[in-house]
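Working notes, structure below.
Values quoted throughout were computed directly from the atomic coordinates according to the rules given, and no laboratory measurement underlies them. Remember, predicted model here, so these are calculated numbers, not experimental data. Methodologically, a virtual Cβ is constructed for each residue, glycine included, from the backbone with ideal geometry; neighbour enumeration extends over all protein chains shown.
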Amino acid sequence: MAHFGFPLEVIVVFLAVIALSVYLDLFTHRKNAEITLKNAACWSVFWVGLALAFYAYLWVEFGKEWAALYLAGYALEKSLSVDNLMVFMAIFASFGIKGILQHRILYYGIIGALIFRAIFVAIGTGLFLASPWVGFFFAAFVIWSAIKMLQQSDHDEEIEDYTHHWSVRFTGKFFPIYKKLYLNHFFVRHHELNEAERASVTRTGWLYVTPAFLCLMAIETSDIAFAFDSVPAVIAVTHEPLLVYAAMIFAILGLRSLYFVLAALTKYLVHKSKAVICLLFFIGAKMALQSWNHAIADTGLHIPPHWSLIIIIGTLALGIIASFVFPGKKLEQKE
């Protein structure tokens, strides 16, 4: 099979569709309003339909072989990206950030994902060499997040003061930080704070970073770390850079909507956090195993993406079913 290359027609169609779709998505969600289940579900259907429409376009214009490569890459990235979704939940839980502010953080996080995926696809094979070692570090982070969630499972309130949060202690060595959330802002200027609020800064400056920005950076870092694992995998299946990037972007855009579906259901899914904790331990172990196989020695144990997806969906399904069968005291009190 010849190389697909970079047909100008495909580039124009892809960029036009993505630009228009992202604009519509961001324009629709430009206000800091909570995402409803109906809205999130509609956008999830929209992104899946758009990805399949691009598949149909490739089939008609370039043949089923190229279309099949794109679809294989899309399915694989979609499967791998579900892991990232679970880590997003852990990061938000670690920062105690909920509701509208989650939307704002993901609102900007998607732009970073588009840019970083383009860079990672471009450097391709270099990522594969670095992936095993990055995997060890991130596996430890995921397992640590699961342990923190397990320890805090009985405390659902949002964090008010981030003085002792790990991100503040570390980042405060380099940048001045305001240690509390300031509305939905990522930064706050010194003159915007009153005397009492200025007591909550790590050190005096003209501009302060807020915990919301630290959370955004954690989200971006998690996406970069997962790209070290997913980009080489998709390249191995699809080969062609343009098709790889198209597959990954359609999957990522759809993942954002899928997160909102789960976020909208959170108030009813009282046992979802237990399922997420189990999944984080699984994902951390999976990443550590993959890194060991690549960096040290092949153990012969491999977890195919489709099995990972089945385990993730199955565990979440059990958490959902348990939430409705055993609603718990919080939901009963609301009713």
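Structure data summary
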read-out: Neighbourhood charge, 13 Å Cβ-Cβ cut-off, centred on ALA67 and excluding it, Lys, Arg +1 and Asp, Glu -1; value: -2
read-out: Peptide ranges 85-96, 103-114 listed from the most packed, as the mean C-beta count within 10 angstrom indicates; value: 85-96, 103-114
read-out: Pairwise label distance in nanometres, ILE111 with LEU183, each label 7 Å out on the Cα-Cβ vector; value: 1.8 nm
read-out: Burial order of peptide ranges 205-216, 13-24 (average beta-carbon count within 10 Å, highest first); value: 205-216, 13-24
read-out: Under 14 Å, Cβ to Cβ, from ALA140 - net charge with Lys/Arg +1 and Asp/Glu -1; value: +2
read-out: Local net charge near ILE11, Cβ-Cβ under 14 Å (Lys/Arg +1, Asp/Glu -1); value: -3
read-out: Segment ALA122-PHE137, length gained on full extension (0.36 nm per residue, minus Cα span); value: 3.1 nm
